[in-house]
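K.L.:
Before anything else, here's the structure in question.
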Amino acid sequence: MSALESLQPAPKGKVMVYLPYYKTNNQRSALPLAIGLYERGNLEGERQVEGGKNIPFVATWSVSSLPADRTRCRLQFDGNADLSYETTIENCEFVNYLIDLLFLYKKHRFIDFPKGFYRKLLDVDE
């Protein structure tokens, strides 16, 4: 069973603080679980590589209660300190990436961040 299978939704009061930042019903429906995941402060998954072997990662991040606060997120790939990357983004943006991650998991049954998150992490212009 993956870490996402046992995920508990955040309480309504915490969800209400974030609600104005998300416009679509899909985002809003996934928000309680995304905040529950955010409050864990870490996640293990695998970066999907087309035509290659998936690369395991451990993601850790700071947790704060306000959507406009900034989160420092760090990913370490393959257990190698030389393959560590870090970015700082607003909580509401990071939670949005977690929403996308949850949808990817539901559809494909693997834990990975969306491509937009990696562009942000690696500081690649879109």
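K.L.:
Taking ALA59 as the residue in question, decide whether it is touching a residue at least 12 places away in the same chain (Cβ under 8 Å), closer than 26 Å to ASP82 by Cα and in a loop (DSSP other than H, G, I, E, B). Explain how you work it out, then say what you get.
P.N.:
On the way: touching a residue at least 12 places away in the same chain (Cβ under 8 Å): yes; closer than 26 Å to ASP82 by Cα: yes; in a loop (DSSP other than H, G, I, E, B): no.
In short, no.
K.L.:
For the stretch 41-56: of the residues being among the charged types (D, E, K, R) and either farther than 15 Å from PHE117 by Cβ or not in a strand (DSSP E or B) (or both), which is nearest to the chain's Cα centre (by Cα)? Write out each step before concluding.
P.N.:
First pass over the stretch 41-56, keeping only residues among the charged types (D, E, K, R): 44, 46-47, 50, 53.
Now restrict to residues that are either farther than 15 Å from PHE117 by Cβ or not in a strand (DSSP E or B) (or both): 44, 50, 53.
Working: GLU44: 10, GLU50: 21, LYS53: 21 Å.
Going through the qualifying residues, I end up with GLU44.
K.L.:
Same structure again: Could you figure out which of (1) assigned to a helix (DSSP H, G or I); (2) within 18 Å of ALA3 (Cα to Cα); (3) in contact (Cβ under 8 Å) with a residue 12 or more places away in the chain isn't true of ASN26?
P.N.:
(2)
K.L.:
Among the residues of the stretch 98-113, what is the count of those that are closer than 20 Å to VAL58 by Cβ and surrounded by 16 or more Cβ atoms within 10 Å (Cβ to Cβ)?
P.N.:
9
K.L.:
Hey, another quick one. If ILE35 passes every condition in (1) closer than 18 Å to PRO114 by Cα; (2) β-branched (Val, Ile, Thr); (3) assigned to a loop (DSSP other than H, G, I, E, B); (4) touching a residue at least 24 places away in the same chain (Cβ under 8 Å) but one, which one does it miss?
P.N.:
Checking ILE35 against (1) closer than 18 Å to PRO114 by Cα; (2) β-branched (Val, Ile, Thr); (3) assigned to a loop (DSSP other than H, G, I, E, B); (4) touching a residue at least 24 places away in the same chain (Cβ under 8 Å), the one that fails is (3).
K.L.:
To continue, here is another question. Could you grab me the full set of residues in the stretch 9-19 that are part of a loop (DSSP other than H, G, I, E, B) and either small (Gly, Ala, Ser) or more than 16 Å from VAL63 (Cα to Cα) (or both)? Break it down into steps so the answer makes sense when it comes.
P.N.:
Restricting attention to the stretch 9-19, the residues satisfying the condition of being part of a loop (DSSP other than H, G, I, E, B) are 9-11.
Answer for the stretch 9-19, where residues must be part of a loop (DSSP other than H, G, I, E, B) and either small (Gly, Ala, Ser) or more than 16 Å from VAL63 (Cα to Cα) (or both): just ALA10.
K.L.:
If you go through the stretch 45-57 one residue at a time, do you hit one that is out of contact with any Asp or Glu (no Cβ under 8 Å at 6 or more places or on another chain), surrounded by 12 or more Cβ atoms within 10 Å (Cβ to Cβ) and not acidic (Asp, Glu)? Can you show your working first?
P.N.:
Restricting attention to the stretch 45-57, the residues satisfying the condition of being out of contact with any Asp or Glu (no Cβ under 8 Å at 6 or more places or on another chain) are 49-53.
Imposing the further condition that a residue be surrounded by 12 or more Cβ atoms within 10 Å (Cβ to Cβ) reduces the set to none.
No, because not a single residue in the stretch 45-57 is out of contact with any Asp or Glu (no Cβ under 8 Å at 6 or more places or on another chain), surrounded by 12 or more Cβ atoms within 10 Å (Cβ to Cβ) and not acidic (Asp, Glu).
K.L.:
Here is a further query. Looking at the stretch 64-91, which of the residues that are in a helix (DSSP H, G or I) and in contact with a Leu (Cβ under 9 Å, 6 or more places away or on another chain) is surrounded by the most Cβ atoms within 10 Å (Cβ to Cβ)?
P.N.:
Initially, the stretch 64-91 is screened for residues in a helix (DSSP H, G or I), giving 81-83, 91.
Keeping just the survivors that are in contact with a Leu (Cβ under 9 Å, 6 or more places away or on another chain) gives 83, 91.
Working: LEU83: 12, ASN91: 23.
Top of the filtered list is ASN91.
Each reported figure results from applying straightforward, stated rules to the coordinates on display, with no laboratory input. Being a predicted model, the structure only gives us computed values, none of them experimental. Cβ atoms come from the backbone with ideal geometry, glycine included; neighbour counts cover every protein chain shown.
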